[in-house]
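Novice: Could you have a look at this structure, given as structure tokens, before my questions?
The values are calculated or read from the model by the stated rules, or taken from the named source; none is laboratory data. For clarity, every value in this text was computed on a predicted model and none was experimentally measured. Cβ placement follows ideal geometry from the backbone for every residue including glycine, while neighbour counts extend to all protein chains displayed. For accessibility, only protein heavy atoms count, side chains too; no ligands or nucleic acids. Shrake-Rupley method; radii C 1.70, N 1.55, O 1.52, S 1.80 Å.
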Amino acid sequence: MKRPRHLSTEERALWDLVAKRAEPLEKPRAKAVRPSPKMPDVKGTPQPRSIPSFKVGERVDHSADHDLLPSLGQQLRAAPVQMDQKAYGRLRRGKLKPEARIDLHGMTLAQAHPALTGFILRSASMGHRLVLVITGKGKNRDDGGPIPTKFGVLRHQVPQWLAMAPLSGLVLQVTEAHIRHGGGGAYYVYLRRGR
């Protein structure tokens, strides 16, 4: 590979002389800069984050700039409370006793979905308000591959099933159970009052 040839001082002086004498074919027009109208601040719309200044060689704090989905427990706790606040507080403390329960341990997704659907429909028709759905915490089956596998497939799937038809019209609130009723491996499902 050849090295690039650099201009000598005489060649550089000649180029500078030519560049001074040259005139552009079209003169650039001055652009009129219009101020952009400021958008009104609408509540609920995400505002862009300002980019902090950075110098080469400086350490970066990556603790706040990830896009990871919150854990299932965090999502359920962040969901708005649809039921009575006082009853919800008693429910979270494990003071309310479930009227019925179903254990989905050891079932596949194909077995668990119809079992859960039938259980919720029967419980609602019997007039139950609080039922317990036991999913188990799941086993850690991550084989260390490039794509992580979910920890506790039933535990992640049950809240989604409860939020879909035909169960969504019957379910008022879903929350993780108190430790005495199974903790992170079970859910309280508070059903709507029958009319």
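Novice: Asp103 - would you say it is surrounded by fewer than 18 Cβ atoms within 10 Å (Cβ to Cβ), over 17 Å from Arg77 (Cα atoms) and either of a type in the set (S, T, N, Q) or modelled with pLDDT under 90 (or both)?
Specialist: So Asp103 fails the test.
To keep it simple, each residue is scored yes or no on (1) closer than 22 Å to Gly183 by Cβ; (2) at pLDDT 85 or above; (3) surrounded by 10 or more Cβ atoms within 10 Å (Cβ to Cβ).
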position	(1), (2), (3)
Pro40	no, no, no
Val60	no, no, no
Ser63	no, no, no
Leu68	no, no, no
Tyr88	yes, yes, yes
Arg92	yes, yes, yes
Lys97	yes, yes, no
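Novice: Could you check Lys139 against (1) open to solvent by 80 Å² or more (accessible area, probe 1.4 Å); (2) modelled with pLDDT of 90 or more; (3) under 17 Å from Gly185 (Cα atoms); (4) of a type outside the set (A, V, I, L, M) and say which number it fails?
Specialist: Unmet for Lys139, out of (1) open to solvent by 80 Å² or more (accessible area, probe 1.4 Å); (2) modelled with pLDDT of 90 or more; (3) under 17 Å from Gly185 (Cα atoms); (4) of a type outside the set (A, V, I, L, M): (2).
Novice: Would it be correct to say that Leu72 is modelled with pLDDT under 70, within 28 Å of the chain's Cα centre (by Cα) and closer than 24 Å to Thr135 by Cβ?
Specialist: In short, no.
Novice: In the stretch 151-164, what residues are crowded, with 17+ Cβ neighbours inside 10 Å and either touching a Lys or Arg at 6+ places or on another chain (Cβ under 7 Å) or assigned to a loop (DSSP other than H, G, I, E, B) (or both)?
Specialist: Once the filter is applied, which keeps residues that are crowded, with 17+ Cβ neighbours inside 10 Å and either touching a Lys or Arg at 6+ places or on another chain (Cβ under 7 Å) or assigned to a loop (DSSP other than H, G, I, E, B) (or both), the stretch 151-164 yields Gly152, Arg155.
Novice: Quick check on my filter: what residues within the stretch 165-195 are assigned to a helix (DSSP H, G or I) and either surrounded by fewer than 16 Cβ atoms within 10 Å (Cβ to Cβ) or without any contact (Cβ under 8 Å) to a residue 60 or more places away in the chain (or both)?
Specialist: Correct list: Ile179, Arg180, Gly183, Gly185.
Novice: Which of the residues that make up the stretch 76-86 are in contact (Cβ under 8 Å) with a residue 40 or more places away in the chain, open to solvent by 70 Å² or more (accessible area, probe 1.4 Å) and assigned to a helix (DSSP H, G or I)?
Specialist: Within the stretch 76-86, just Arg77 meets the criteria.
Novice: Residue by residue through the stretch 102-118, note down the ones that are within 29 Å of the chain's Cα centre (by Cα) and either assigned to a loop (DSSP other than H, G, I, E, B) or more than 16 Å from Gln160 (Cβ to Cβ) (or both).
Specialist: Matches in the stretch 102-118: Ile102, Asp103, Leu104, His105, Gly106, Met107, Thr108, Gln111.
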